[in-house]
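Taking it in order: structure first as structure tokens, then the write-up.
The values are calculated or read from the model by the stated rules, or taken from the named source; none is laboratory data. No experiment lies behind these values; they were computed from the predicted model shown. Note that we place each Cβ from the backbone using ideal geometry, even for glycine, and neighbour counts take in every protein chain shown.
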């Protein structure tokens, strides 16, 4: 039930949803002009590159450099592959590319991929088979099959930590590298610590821009910024909800 509710709440956390609601209220309100101005202001702000980047700079986990070797690297799935025939990498493919590089350098010895089950009966169908396809790509790139472990039951970050614990319980006293998107890392790390893991966070899929912004970023609104801001809002709300229910 929590999984289904979380996906429904996601819809109402999107800025576009807020804008449509404000427009609907404006249509039936005697303060139509004021509400339209508020709506336009919200749309301009949420699509502004500089503003969105400042939000990411404040929230995303910083990039790190690992200085020692580890037995296990935990990779959180979600968006690494797209549905369809063959191998179509998704927006968060960096989640398995960075661990691959760590493995090649000998910094980590084994990779555990968790997640991939996001089906909601009657609401959402997903046949990506993400974890399995990522495993096949990693093997093709030189990772030994015996060095990869799959956990394919988890549907959210809380279950990622719970089901990973069932597999890696004998190693809980060891430090493990945790890899997920930089934006998702605060919630993921909190969930794994809650389950008793000692994790070293290694953010991937970093979206923030550390270099100075140009005039175009400051002035011109872009739809991709609206999408990025929506992702961040949902992630921040997820962290708060996880704290409230005791998952993190």
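Observations on the model:
- Among (1) modelled with pLDDT under 95; (2) in contact with a helix residue (DSSP H, G or I) (Cβ under 7 Å, 6 or more places away or on another chain); (3) exposed (fewer than 14 other Cβ atoms within 10 Å of the Cβ), the one test that residue 67 misses: (2)
- Residue that is under 20 Å from residue 62 (Cα atoms) and either more than 14 Å from the chain's Cα centre (by Cα) or part of a helix (DSSP H, G or I) (or both), where the choices are 187, 224: 187
- In the range 134-150 there is no residue that is in contact with a helix residue (DSSP H, G or I) (Cβ under 9 Å, 6 or more places away or on another chain) and at pLDDT below 90.
- Condition met for residue 54 (surrounded by fewer than 17 Cβ atoms within 10 Å (Cβ to Cβ), modelled with pLDDT of 85 or more and either over 30 Å from residue 148 (Cβ atoms) or under 20 Å from the mean Cα position of the chain (by Cα) (or both)): yes
- Residues that are free of Cβ contacts under 8 Å to residues at least 24 places away in the same chain and either in the same structural domain as residue 136 (by TED's automatic domain parsing) or more than 26 Å from residue 213 (Cβ to Cβ) (or both), drawn from the range 46-67: 67
- In the range 76-118, the residue that is modelled with the lowest pLDDT out of those that are touching a helix residue (DSSP H, G or I) at 6+ places or on another chain (Cβ under 7 Å) and outside any strand (DSSP E or B) is 116.
- Selection from the range 194-221 of residues that are closer than 19 Å to residue 76 by Cβ and part of a helix (DSSP H, G or I): 194
- Contact map, the range 153-175: first residue under 16 Å from residue 194 (Cβ atoms) and not assigned by TED's automatic domain parsing to the domain that holds residue 129, second residue loosely packed, with under 15 Cβ neighbours inside 10 Å and at pLDDT 95 or above, Cβ cut-off under 6 Å, separation 6 or more or different chains; the map is empty.
- Taking (1) at pLDDT 95 or above; (2) more than 20 Å from residue 113 (Cβ to Cβ); (3) crowded, with 19+ Cβ neighbours inside 10 Å in turn, residue 225 satisfies each apart from (1).
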